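Only one structure is covered here, and it is reproduced in the block below.
The values are calculated or read from the model by the stated rules, or taken from the named source; none is laboratory data. Because the structure is predicted, anything quoted here is derived from the model rather than measured. Please note: Cβ atoms are built from the backbone with ideal geometry, for glycine as well, and neighbour counts cover all protein chains shown.
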Amino acid sequence: MKDPEFRKEWEAQELEYQIQEELIKARIACNMTQSELAEKSGIRQSNISRIENGNAVPRLYTLCALASAMGKKIRIAIV
């Protein structure tokens, strides 16, 4: 974190990592597989996999659909 360029890139991607982590934790807490979440949300399993693996950044609509399928809501805070 001493390298300013590395630190800047890390901070730029921090939100994406948080989204991945929170989505995975919520899905596991609901005892759902990616396939089950896909079926309930209408979002393809391959897209869920890409989001969870960090290969895609989900749109807000997608996050809301996934949360709703798990009986959850999205909360956004500016701190």
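What to note about this one:
- Pairing each residue of region 50-74 that is under 17 Å from LYS40 (Cα atoms) with any residue that is of a type in the set (D, E, K, R) and part of a loop (DSSP other than H, G, I, E, B), provided the two are 6+ apart or on different chains, yields C-beta distances under 6 Å for ALA67/LYS73.
- So GLN13, is it under 10 Å from the mean Cα position of the chain (by Cα) and at pLDDT below 95: no
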